[in-house]
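Here is the structure we will look at, set down as structure tokens.
What follows is calculated from the coordinates using simple rules that are stated; it is not laboratory data. In this text the structure is predicted, and so the values were computed from the model without any measurement. Using ideal geometry, Cβ is built from the backbone for each residue, glycine included, and neighbour counts are taken over all protein chains shown.
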Amino acid sequence: MFIHLVAGNRPAPSAPEAKLGKTTIIGGAPGQSGAPRAAAHGVEKIDVKAVNSAEHHALYQKRVPIYPKLAHGTFRKIKWAFLFVLLGIYYIVPFIRWDRGPGAPDQAVLADFAGRRFYFFFIEIWPQEVYYITGLLMLAAFGLFMATSLFGRVWCGYACPQTVWTDLFIAVERMIEGDRNARIKLARQPLRGKKLLKKIIKHAAWILISFLTGGVFVLYFHDAPTVVRGFFTGHAPMSAYLFAGILTFTTYSLAGAMREQVCTFMCPWPRIQGALTDEDSFEVTYRGWRGEPRGPHKKGESWEGRGDCIDCKQCVAVCPMGIDIRDGDQLECINCALCIDACNAVMKKVGRPTGLIAYDTGRNRELAAQGKPPVYRLFRARTLLYAVLVGGIGLFMLYGLMSRSTLDLNTLRDRSPTYVRLSDGSVRNGYTLKIINKATKARDFEIHLEGLDGAALKAIGLKNDGAGIRVHAEPDKVREIKIYVTVPAAKVRSMKASVPVSIVVSEVSGGTKAVNKTVFLTGNK
Amino acid sequence: MSDRPEIDDHSGVETTGHEWDGIKELNTPLPRWWLIIWGACIVIAAIYMVLMPSWPLPWANTYLKGTRHYSERATFAKDMAKLAASRGPSEAKLAATALDQIEADPELLNFAMAAGRSAFGDNCATCHGSGGVGGLGYPALVDDDWLWGGTLDDIKFTITNGIRSTGDDTRFSQMPAFGKDGLLSASEIKDLVEYVTHLSNREADAAAVARGATLFADNCAACHGEDGKGMHELGAPNLTDAIWLYGGDRAAITNTITNAHQGVMPTWGGKLKPWTIDALTIYVHSLGGGE
């Protein structure tokens, strides 16, 4: 494996390249040689430089612009599909309604900070249950690990927001300024007239998309229709404007200006993934054993004794990261597979089999070079471990959600004072109960005490009917109750300093029940 | 030296022309991101100066108020007014509701308890301790032993008027300093101490208790009652129970009979709003000992 994990692993740039920052290099601008040359009959050789390949890129160097060419093919289609589906989900989800009965918000997905609730369709999470989020994050992490160990950086290539929005921004740029060559040409013109107009339109479109991105993000935290109406009339909360503004800025700068630099320099994920893949993971890879030695091919020439790579550099021209896949696996590569599309199109044109650049494993690349048949190992120790973890955590969370009680009880022992000796020598302890009714309907509960014979139970503002204290709890609310437990003097004398007791809250109509274990302090030595 | 700045071979950056022992100083420009942020800060500062209060104008005894006329003090006043407005209805309801009716309304009880807890922390906890645990000389409010009565009305009256305080209706009583003022001899006080110890079901010298009984009837029973159970009307403590405000051992009782104690509690009526006193009453009553 030849993964450049950290910048320090790069070969030191030679002197001329170290000065790249001083000269204006346009990523893959047509060279000085003038007329386009042919790599093969009907295939233009693009004079493009992989500006971000380890060999060409010096540290502390100014960003060299990249002008990715539009690719056509299977993977470009898959990427379009991902883009539309993922953006569609992002933009539509806040507007999905979900009836939860009166008094509860009817937004399907809502992180209600003011009301301290998180709603996800049929799931409702209280702040006390934030561990569900932990489970969700673990599922996401292990799921990602599994996908990575099987298929390499599929997350980076298709699903990462940075990839999706950058793809969208490049598409917009292409619509306004044209494809690669037109954009390079435009970059060389002075900034006035038509160019100025195009730039203004492009940036306005970007800002609009950014604003829609940031604006929609806010909708996940408030009732969407209300905020949409209030946003433009100045009635939305200040935080909505603030976060919409912040996300508009970050979307515009990350997807518009920084693009591949985010992946290469800001994101920790490429580094982590180096440890998650192995020789059996699929990666976008150049089959050097088939391609080399590379070189231009003339029509009618034999393919014997030479590689299939005609060095047309189409793979470099379509790369949004500014690298050359033929250099091997590299940190910068997000595995977007656009080079596969570009190469396949060329292979078809020159009449060679496709798949010179393809998803393949490191092991098979070596086997193929030795002329051996490929071996595919999807079931490996690490993929099985990840599968077990994902399944286990998933089942555990499912169990947690299914058995989630709509009643919760928190008991706080009085600490000042820990116990009170009354005038007749009896001893009293106080407890504050929080009865959390998570149901959407009001319910009646009964409070009992277990483990303390002869103790009297009293609550402020409530009656004890002998069987226990009746308490009415409003829907989706916490009811706080102060209770006092008194043990008569005769009993207290024979008791230990601390006696374990259980406070039991059960629904009068049967069903849910919550038990808290606490202690009764007698003041005895 | 030539007119043009020298370019360093290794880094490609121009030098300042300074050289020490063969070491040349590079004229490396400030990083662009740094310059952008610096510029942005200047722009933001300028905008801020226009929008917000910025420069003092000492000659006019004022300051540039900014176009937004922002004022921390006004914001604070507004917040407080908002708070008062949001509490208003509950306060009015509390003031209008009879004390013994408050418990029946869970929402009002909740408000009274919360307001009472905070008022207690601000005004009462200094002497009565946090949570009303009390201390030597400061009555515990969590137990069921009351000097001046533990009903809602008693508690409200005590809070409103205070004890041995300045108010016209303040609760007042005075125990004579039997030893200091020479009303009883040392041996008589010793007998009384034995009797009082005996009253609270503890072992005492039988002969002294017999002598002390007469002394108690003559000197103490008028306030503490013939059975020693005290009187709420006079704030005379119950001497038969296990709770002692100034300590219950022989030395402490001797000290009390000899010197007497006159604890003082301030008059809170007029200092606190009536509804605050109501809330405090409900809170203190709920601490566990309310009658």
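For the pair the stretch A:307-364 / the stretch B:42-120, the C-alpha centres are spaced 65 Å from each other.
Placing R0 at 60 angstrom, the Cβ-Cβ distance between A:ALA489 and A:ILE246 gives a FRET efficiency of 0.40 after rounding to 0.05. Database remark: amide H of A:THR361 closer than 5 angstrom to the amide H of A:GLU283 (H placed geometrically; neighbours at sequence offset of 5 or more, or on other chains; Pro and chain starts carry no H). Note that the stretch A:411-416 has calculated 3J(HN,Hα) couplings of 10, 10, 6, 4, 10, 9 Hz, one per residue in order, obtained from phi through the Karplus relation 6.51 cos²θ - 1.76 cosθ + 1.60 (θ = phi - 60°); glycine and proline are x.
Of the residues B:HIS18, B:HIS261, B:HIS232, the one that moves most in a GNM of chain B with alpha-carbon contacts below 10 Å is B:HIS18. Exposure proxy for A:SER281, A:SER405, A:SER509: other Cβ atoms within 10 Å of each Cβ, ordered fewest to most, give A:SER509, A:SER405, A:SER281. Among residues other than A:ILE200 with Cβ under 14 Å from its Cβ, the summed charge is +4 (Lys and Arg +1, Asp and Glu -1). Backbone phi angles across the stretch B:4-11, fed through the Karplus curve with coefficients 6.51, -1.76 and 1.60 (θ = phi - 60°), yield HN-Hα couplings of 6, x, 6, 9, 6, 5, 6, 9 Hz in residue order; Gly and Pro are listed as x. Based on Cα contacts under 8 Å between residues 6+ apart, the stretch B:180-267 shows a relative contact order of 27 percent.
Expressed as a rounded percentage, what relative contact order does chain A have, with Cα pairs under 8 Å and six or more residues apart? The value is 16 percent.
Net charge of the neighbourhood of B:ASP191, taken over other residues with C-beta under 15 Å away and scored Lys/Arg +1, Asp/Glu -1, is -1. Legend: mean number of C-beta atoms from other chains within 10 angstrom of residue C-beta atoms, peptide A:420-427, equals 6. Counting Lys +1, Arg +1, Asp -1, Glu -1, what net charge surrounds A:LYS434 among other residues with beta carbon under 9 Å of its beta carbon? Local charge sum for A:LYS434: -1. Fewest neighbouring Cβ atoms within 10 Å first, the residues B:SER54, A:SER506 line up as B:SER54, A:SER506. Axis of helix A:381-402 versus longest Cα principal axis of chain A: the two differ by about 40°, to the nearest ten degrees. A Förster distance of 25 Å, applied to the separation of the beta-carbon atoms of A:ALA204 and B:TRP34, puts the FRET efficiency at 0.30.
Cβ-to-Cβ counts within 10 Å put A:ARG290, A:ARG192 in ascending order as A:ARG192, A:ARG290, the fewest first. Measuring from centroid to centroid over Cα atoms, what is the spacing of the stretch A:434-508 and the stretch B:211-267 in Å? Taking the Cα centre of each part, the stretch A:434-508 and the stretch B:211-267 sit 37 Å apart.
Our note on the geometry: Cα centres of the stretch A:66-101 and the stretch B:15-40, 46 Å apart. Within chain B, the selection of entire DSSP H helices by a Cα span of 15 Å or greater along the long axis and an average Kyte-Doolittle value of at least 0.0 returns B:32-51, B:106-123, B:186-199, B:206-219, B:274-286.
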